Structures are given as structure tokens and as C-alpha cells.
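Beneath this line is the structure, given in C-alpha cells, with notes to follow.
The values are calculated or read from the model by the stated rules, or taken from the named source; none is laboratory data. Computed from a predicted structure; not experimentally measured. Cβ: placed from backbone, ideal geometry, glycine included. Neighbour counts: every protein chain shown.
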Amino acid sequence: MTSRAEYCVLACAEAWRGDGEVLASPMGPIPSFGARLAKRTFSPDLLLTDGEAMLVGLDGTVEGWLPYRRHLTMVTGGRRHVMMGASQIDRYGNQNISCIGDWERPSRQLLGVRGAPVNTLNNPVSYWVPRHSPRVFVERVDMVSGVGYDRAAAAGPSASRFHRLPRVVSDLGVFDFTGPGHSMRLVSVHPGVTVEQVRAATGFELATGEEVPYTREPTAEELRLIREVIDPKGLRDREVRG
Amino acid sequence: MTDKTMTPDEVVGRLRSGMTLGIGGWGSRRKPMALVRALLRSEITDLTVISYGGPDVGLLAAAGRVRRLIAPFATLDSVPLEPHFRAAREGGSLALTEYDEAMFMWGLHAAANRLPFLPVRAGLGSDVMRVNPELRTVTSPYADGEEFVAVPALRMDAALVHLNRADRLGNAQYLGPDPYFDDLFCEAADSAYVSCEQLVESAELAKSGPPQSLLVSRHSVTGVVETPNGAHFTSCAPDYERDEAFQKLYATTPWPEFAARFLSGAGEHDYQSAVRTWQEEQR
């Protein structure tokens, strides 16, 4: 029996399929497991970091040096695909990790915009949301940190030139931005989730096809890798239950 | 040649209220905490602080010394949200210039290179433009005609950084994996103060690490301070890792209680003894 967390690891891994020799920058446990799964299986050329300043192989072997100054250059050079979190995200992929409420005096100060503005204008950015709810999937985000399709287009050619948001993965399903006007579309629901459930947990109108498929099943080898090699301690079940 | 060694209090003696102060390191990593603590013992206030923010920002904000913060974030890394930064923002007591991480870096480069700005493909389309209405864009003069944000130089009156080794002349060396932006902070400042884990003879520097570990050169340094464990409780690899237990204490103790127990002494020595006493109690 595949757990919900395992479908999430797999769906995150799929974000890096076909990426070739780029840095996979996962934020959070399940995206990290996903990046490692992708590298162990269908995207072996991905680069990974140790979370500090070194580029490392799957066994921790150092293969390169990536301090913050070079990391930021890798972003603007485009050879990176990051999966960030989102405290809020809207239908066009505008994301907020900075603060909730009025920016001048927020009701909840969060991280700040961090690298979200430069990430979204320069390298592919996917998102991971461990608890899909109308508080996260909102009509309007309070502070646009990561830039969505509508705002990138409005900001002009130099903003949209390298802008790409390949996918959003939540604990309920997988989404992309191939809906009308680059709006969010439900690509698949994880087994055990209904389309109605996703709609109820989303604060805006979601585009969907006629039939929404289930997120694909992991192969026996993928499951073994997740359970025995990548996350033997089962940390994935702490991030996503059920 | 000039011996630039001084004490933390002598460094602070050269600072003034209202100054723009850059602080090196990143998040809760290699922060010049001993110099920040010396600043907390002074009366200096009304500061504009430029920082990839960590507990340096938290301590100064909690003590009410910061008028404006220029930063892309403030975090303790293993504790994602800096509690005192958060409280100051939610209480409305801290003005913020919120930049993206890359914008911030190019602002440092601009200042170090005596340029008024540098162009960067970041910020456009985001609310960084809304909350910083003074930001301007610049159009490429070449055939592409692309538009970029012109990040203004982050020039500062003084910079504080912490490195692993330094000599008495102001040459300083990092031995960990990441230089962060400490060289740029020193070059972007009118005067720069380097604290270090250990003061060594110049001849020792080249023996301790490869040439590229000699990050900060004396021409960009005004003062050097030996402060063993001076980045505590942030990390200072390879000399020591972050003191996670103490950082957790900092993040969960009400500010007046934390300040009374650890920051009310006459000097850095009192802080370090108070930390040791606390650590012994935990055993």
C-alpha cells in the first residue's frame, strides 16, 4: 500500500524529469526526497548540494563548490530548478513567503521574500505545499515574492523571458499552469483524493480536464528506494500523514 | 605597518547613533556576534542595518537599536523565523527595505565598485517594487533593449564581519566552506572591523589554508579584534558549529529575561561565562 507521502515524493521527483545537468534545489523534506529519487532513477545528471556550500553526489562525495555568491549566479544563469514552499499561492502562480497581512505592519511576519523574485525570473520554479487549504491557495497573495505568469507578462519581456513555473505539488494533487491564460490546472489527484476535495480546499476556480487522472503509481523499485534508501526513518510521514 | 588590533568596545567607540551599519555572515552563520554584543552594551541606536539577517538583526531589534533594516530575510536557519525580528515587524517598530537576495548582492557589488547601481533581472513583477517605490529600472543600451531593476549601491558607514583567522594588519581568512559576502561588506564600507577566532602572525595565514581563503585584505580594514567564540551562538566552521541548544534558548526565552541573564555583564568575557554556566546546568 503506497502512502500519501510516497505519492508526494514521487510527484515532486517528476518535477525534475528531463532536466538534465542542472542543480535541483529542493526546499523541505519531501521535495528533497523527490530530488534524490529523480537523481537515482530517471534524472541521473542532476546536481545536488549538501545544504551548505558543496555540490555532492548521492553518497555525499564532494564534486564541486557552490557558496551563496556562486549559487546566486547559477540562478541567473538558469542552470537550476528550485522547488520552493509557498505560504500563499494564487491561480497564476504568484507566491508569498514574506508576510501575512499589510506589509507595512504584518499580522504575521514570515521569512521575507528571500530569493523568490530572482528565482522566478531566471530559472524554473516549482512549488510544494504539504497542507493544501484555502488559506494557502488564495485569490490574492498578500506580498508577491515569487512572480506568477500574469505579473511576469505585465512586467514586460525581460521579466517573462526566462520565467517558467513547471508544477505545483500538494498533499492532494499535482498542478501546472496550462489553464486559460496560464492559470492553474489540476493535472492529477493522488489516489484517495477526489476532485471535489481539491476544489473545496482551493480558494479560486481551478481549471481541470474532462477526466482527472490519478497521480501515477510508483514502481516497485521506486518504492524500495524511497523506503529503504532515501528515507528509511520515515520522515516523509511526519510532513504528510495518511 | 599599522597594528590595527583593538577591543570590541574600542570598535563600538568609533560608531555613532544614526549610522548605516553592514553586518556580514548569512542567517545564523558566522555573524560578528561579539561586536554586536559590544554594540548592545553601548548607547548607540537609530541604526540602519544592512544584513543577510540572522540573530544579529534579532538582538539589535529586540534592544530597540534599529531604525531601518535593509535585508532579504531574517532567519535562524534551523529555526526558520527570527523571533525578535518578527516581533518588531508585527509591532510596527521596525522600518524595512525588503530586497531579494540577488538584488542585495548586486547592491553590495555596486557599493564595493563605487557604482551608483547595478542592473539585475530580479524584482520586476514582484511586490519588492511596490514596497520600495524609490527603486528605478534601467534599459539596456544595446540591441536587446531589455529592462532591469537598477539596484542602488548598498554603501555603509561601517561594516562588522567575523572570520576564522586574521593578522594584526587586517588581513583575514575564512576556513569554512562559504565566504558569504564579508569581503564585499568591507569594501562597501567607509570603515570595516574584522573580529576573528584567532589572531595569528601574517606568515601563519598562508599555512592555514589555500590562497583563496585569504578573503579580506588589510586595505579594506580599519580594525581587527580577537574574539574567541565570537560568533557564538551562530556557526563558525570549522572552529565550531552553531550552538543549537543555546539558539533554541535564545528563540524561546522572553527578551528581558535573556538580556538580563546573558547580556547585562561588562564585557564579552561575562557573556561567555554566563553561557558556560548555562551549559553546565544542562548536563
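Please work out if residue B:219 is surrounded by fewer than 12 Cβ atoms within 10 Å (Cβ to Cβ) and closer than 30 Å to residue B:86 by Cα.
So residue B:219 does not fit the description; no.
Suppose we filter A:187, A:147 for residues that are within 9 Å of chain B (Cβ to nearest Cβ) and either buried (at least 19 other Cβ atoms within 10 Å of the Cβ) or not basic (Lys, Arg) (or both); which single one remains?
A:147
Return the residue satisfying two criteria in turn: it lies in segment B:164-185 and is away from chain A (no Cβ under 14 Å) and in contact with a Phe, Trp or Tyr (Cβ under 9 Å, 6 or more places away or on another chain), and of such residues it is nearest to residue B:29 (Cα to Cα).
B:164
Would you be able to say whether some residue in segment B:251-263 is assigned to a helix (DSSP H, G or I), touching a residue at least 24 places away in the same chain (Cβ under 8 Å) and farther than 21 Å from residue B:74 by Cβ?
So far as segment B:251-263 goes, no, none of its residues is assigned to a helix (DSSP H, G or I), touching a residue at least 24 places away in the same chain (Cβ under 8 Å) and farther than 21 Å from residue B:74 by Cβ.
Looking only at segment A:72-87, decide whether some residue is more than 10 Å from chain B (Cβ to nearest Cβ), farther than 30 Å from residue B:182 by Cβ and either touching a residue at least 40 places away in the same chain (Cβ under 8 Å) or not in a loop (DSSP other than H, G, I, E, B) (or both).
Yes, some residue in segment A:72-87 is more than 10 Å from chain B (Cβ to nearest Cβ), farther than 30 Å from residue B:182 by Cβ and either touching a residue at least 40 places away in the same chain (Cβ under 8 Å) or not in a loop (DSSP other than H, G, I, E, B) (or both).
So, residue B:257, is that one among the charged types (D, E, K, R), at pLDDT 95 or above and over 20 Å from the mean Cα position of the chain (by Cα) or not? Step through it out loud before you land on a result.
Details: among the charged types (D, E, K, R): yes; at pLDDT 95 or above: yes; over 20 Å from the mean Cα position of the chain (by Cα): yes.
Yes, satisfied.
Here's a check for you: in segment B:66-80, which residue that is surrounded by fewer than 24 Cβ atoms within 10 Å (Cβ to Cβ), of a type outside the set (S, T, N, Q) and over 21 Å from residue A:119 (Cα atoms) is nearest to the other protein chains (Cβ to nearest Cβ)?
Restricting to residues being surrounded by fewer than 24 Cβ atoms within 10 Å (Cβ to Cβ), of a type outside the set (S, T, N, Q) and over 21 Å from residue A:119 (Cα atoms), the top hit is B:79.
From B:2, B:45, which residue is of a type in the set (S, T, N, Q), surrounded by fewer than 24 Cβ atoms within 10 Å (Cβ to Cβ) and over 25 Å from residue B:215 (Cβ atoms)? Quick ask: steps written out before the conclusion?
Working: B:2 fails: over 25 Å from residue B:215 (Cβ atoms).
Among B:2, B:45, only B:45 is of a type in the set (S, T, N, Q), surrounded by fewer than 24 Cβ atoms within 10 Å (Cβ to Cβ) and over 25 Å from residue B:215 (Cβ atoms).
Checking the structure you have, find out if any residue of segment A:54-64 is of a type outside the set (S, T, N, Q), within 10 Å of chain B (Cβ to nearest Cβ) and at negative phi.
So the first thing to find is which residues in segment A:54-64 are of a type outside the set (S, T, N, Q), and the list is A:54-60, A:62-64.
Adding the requirement that they be within 10 Å of chain B (Cβ to nearest Cβ) leaves A:54, A:62.
Those left that are additionally at negative phi: A:54, A:62.
Yes: segment A:54-64 contains one or more residues that are of a type outside the set (S, T, N, Q), within 10 Å of chain B (Cβ to nearest Cβ) and at negative phi.
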